[in-house]
Each structure stands twice: as C-alpha cells, then as structure tokens.
Amino acid sequence: MKFTNVVIYYFSGTGNAKNTALWVSDEAKKEGIEVEIFNIAKIDNQEIPKPAKNTLIGFISPTHGFHFPAIMRKFVKTFPKSNNCSAFIMNTRAGTRIGNKTICGLSGVLHYWSSIILIRKDYKIVGLLPVDLPSNWISLHPAIKQIGTELIYKRVEPKVRQFTKEIINGKRNYKALFDIIQDIIISPISILYILFAKYFFAKSFIASSDCDMCGLCEKTCPVQAIKQVDGRMFWTYKCESCMKCMNDCPHKAIETAHGFLIVIWFLTSLFVGYLISYLLNYQFFENWQLLQNENIKSLIVSVAIFPFLFIGYRLMHWLMRFKLFERIFVLSSLTKFKFWGRYKAPNKGIKECKK
Ligand SMILES: Cc1cc2nc3c(=O)[nH]c(=O)nc-3n(C[C@H](O)[C@H](O)[C@H](O)COP(=O)(O)O)c2cc1C
C-alpha cells in the first residue's frame, strides 16, 4: 500500500535527527505525499490527536546510552493508539571516520523497546533504520572536524532517502535488526545509562566567566533544564545531555567539568573505602568478605557517587563566584582546549508544523 499521508515526530539536540527528518520529509513530498513534521520538544503530548486512518507515522531521535533519550521514550509511551496506521523508527547514532572507514554507532535496545510499545498500540512497524551521522558527544571526545562531518553526511543522506522511498511505496525495511547480537550484548548498559544520564551527566556542565548571561541556552534548551541561580547558569536533573547548549553557545562558555568529576569520583572512592574498612574492622559484618572484593567496591562507589555529586555540584556552583575557583574548574575541563571544538550539524533548514 502506498501511503497518502506522513507525520514525522522528531527530537534533536544538535541537528542530526532534525536533518534526517528533513530528508524523509523531502523524499516523501517528491513521491507526492502530504507531510507534517513536528519537533516533540515544542508540542504537548496531551494534545496529539489520534492519527488519521492509514497514516504513516515516523519517530526520529538521537541515540543516548543505547536507548532513546527520556523525552522520546515518554513521547512513544504516551502516543495515541493506532487507527489502522503504520510506523517507522529511525535513530541517529555516532558515526565516526577513522581513515577511509566509517565506524557505525550502537543502537542498543531502542528499536525493540519502541517496536513493542507501538505494536501494543496496534501500529504496523514497517521500517527500522539506524542512521550513522557524526557523534555529537563532545563531553567524551573532541568534535569531528567539518570535513569529516560533510563526508559522513554525503554517505548517509542517500541511504535515508532510499529507505524512505521503500517504506512509502509499501515495502518494509528492518535494517536495524542486522545489529541484533551486539544490541543484546550491550542492552544492560542502557539501563545503567538511564541512571547515569539523569544523575551524573546532568551535573557535568558549567558556564565559565565567558558567559554573559545572554540566556540563549536557557531559552533554547529542548527540555528546559537550564536555569539561572545566583546569577550563573545551573543545570537541573531535567538535562538530557543532548549537547545543544554546549554546541550552540555563541561564547563557547559552556564546558564539561572533567576535573570536578574526577575529584568527586576520587572523594567517593576514598569515602567508600574508608567506610568499608571501618565496618569490617569493627566487625559489623564479621564474615562479609564480599566487601573486600574490588568489583563490589566499584559498584558501591558507582551508586554512592550520586549524592556526592548532588552536593558537590551545588558547592562548585557557589564556588564559581570566586575567580580562583572558576579558573580551576574551567582549566581542568578538556572541552576548554581549542582543539576540542564544538559540533555543528550542517544546517539543512526545516519548516516545522506548530500545534
Ligand atoms: C549523551 C549522549 C549519549 C549518546 N549515546 C550514544 C549511543 O549509545 N550510541 C550511539 O551510537 N551514539 C550515541 N550518541 C551519539 C548521538 O546519538 C549522535 O551523535 C546523534 O546523531 C546526535 O543527534 P542530534 O544531533 O539530533 O542530537 C550519544 C550522544 C550523546 C550526547
């Protein structure tokens, strides 16, 4: 069956998923199909109407920690039931170029998770496609250079267009399932990541003294996670680490506080180590040799770090008012180095529908 109507819902931090949505929309229009396109960060889930009969619905989002980011997970979960409709799912993920080779990203559980939810809402799943666009995770690695970005974009665009053509003309394409073995292997990490994304990565951002409080990051944050506290920007637990603020800041004033995170990790390990030896010395757990095990200790440190980070982040935010501390936190950040750069997806321009 050829569809007559396509509705695309996308979320995007730095523009890759947005550009993918644009390619899909453009290709569908070429086939004479009516397309509506919505940025889910700008619409209210409660107001999404039940789709018209025989509509093809697309969900497009970046991959975060081998899953969809929380905003997309919530969107899929609360999406209205099908009206004899079909759906496709696309995830942009971290493609990297090493020499002439493009290394693909890892999708993890997202295709299986969202397919199950949508099938339970009576959607027919007609397409599942991972889209390997440049990695934007610049808290972890330096930004991919412009030339590498262009090369990856050139390679990927025809694949997205071909996929769109196929599913719009009634074919099915489940390319994402080729990765099933690696997806299953890494799936436990996606659960751990949900915890870390919310309670760890959200507390890794700072605004340096280059910040002139223009408020752009606060206004454009897709999940309203940034607010001004005591005259400085503060990242709340709503943050999805989508990297929009860091990449868009016109003064390059937003950094990942690597030095601070290392100190917190160190202090937590010290505290946990001390606590364990105290408990064992005083024979609280006389025969509990398990606590001596290094893996168990690391696991306890991983959980204990969250309260340390909660307090530490507030303390750092307060200390940043003093020039000396501001310099220490900023200069111990890797993102401060010029070579690290920022990621900019090519701007394809897009017209969104507003509801
Ligand atoms: C916090 C974070 C987590 C990420 N996790 C993954 C991942 O698990 N697998 C992957 O392939 N890419 C991962 N990436 C890379 C992004 O999914 C990828 O760069 C995507 O194309 C960004 O899309 P956007 O520009 O629309 O935000 C991650 C990026 C960030 C910022």
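The table that follows gives values for the structure above.
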read-out: From the options 156, 160, residue that is under 30 Å from residue 5 (Cβ atoms), out of contact with any Lys or Arg (no Cβ under 6 Å at 6 or more places or on another chain), within 11 Å of the ligand (Cβ to nearest atom) and of a type in the set (Val, Ile, Thr); value: 156
read-out: Single residue of the range 16-63 satisfying the filter (in contact with a Leu (Cβ under 9 Å, 6 or more places away or on another chain) and in a loop (DSSP other than H, G, I, E, B)) that is nearest to the ligand (Cβ to nearest atom); value: 63
read-out: Hey, residue 176 surrounded by 16 or more Cβ atoms within 10 Å (Cβ to Cβ), closer than 21 Å to residue 105 by Cβ and among the aliphatic types (A, V, I, L, M) or not; value: yes
read-out: Residues of the range 118-142 classified as without any contact (Cβ under 8 Å) to a residue 40 or more places away in the chain and in a helix (DSSP H, G or I), total; value: 2
read-out: Total residues in the range 4-61, condition among the aliphatic types (A, V, I, L, M), surrounded by fewer than 17 Cβ atoms within 10 Å (Cβ to Cβ) and at pLDDT 95 or above; value: 0
read-out: Candidates 213, 243, 233, filtered to the one that is surrounded by 14 or more Cβ atoms within 10 Å (Cβ to Cβ), at positive phi and either acidic (Asp, Glu) or not assigned by TED's automatic domain parsing to the domain that holds residue 135 (or both); value: 243
read-out: Candidate set from the range 106-125 (those that are over 16 Å from residue 75 (Cβ atoms) and surrounded by fewer than 23 Cβ atoms within 10 Å (Cβ to Cβ)); member that is nearest to the ligand (Cβ to nearest atom); value: 106
read-out: Among residues of the range 188-225, those that are over 16 Å from the mean Cα position of the chain (by Cα) and not hydroxyl-bearing (Ser, Thr, Tyr), counted; value: 13
read-out: Exclusive hit being outside the structural domain of residue 302 (by TED's automatic domain parsing), touching a Phe, Trp or Tyr at 6+ places or on another chain (Cβ under 7 Å) and either buried (at least 21 other Cβ atoms within 10 Å of the Cβ) or more than 20 Å from residue 338 (Cα to Cα) (or both), set 203, 219; value: 203
read-out: Any hit, the range 141-159, residues being within 15 Å of residue 61 (Cβ to Cβ) and surrounded by 15 or more Cβ atoms within 10 Å (Cβ to Cβ); value: no
read-out: Residue within the range 31-38 that is in contact (Cβ under 8 Å) with a residue 12 or more places away in the chain and under 22 Å from the mean Cα position of the chain (by Cα) present; value: yes
read-out: Residues of the range 65-85 classified as more than 16 Å from the ligand (Cβ to nearest atom) and touching a Ser or Thr at 6+ places or on another chain (Cβ under 8 Å), total; value: 3
read-out: Any hit, the range 88-105, residues being of a type in the set (Lys, Arg) and at pLDDT 95 or above; value: yes
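The values are calculated or read from the model by the stated rules, or taken from the named source; none is laboratory data. Remember, it's a predicted structure, so these values are computed and weren't measured experimentally. So basically every Cβ, Gly included, is an ideal-geometry build from the backbone, and we count neighbours across all protein chains shown.
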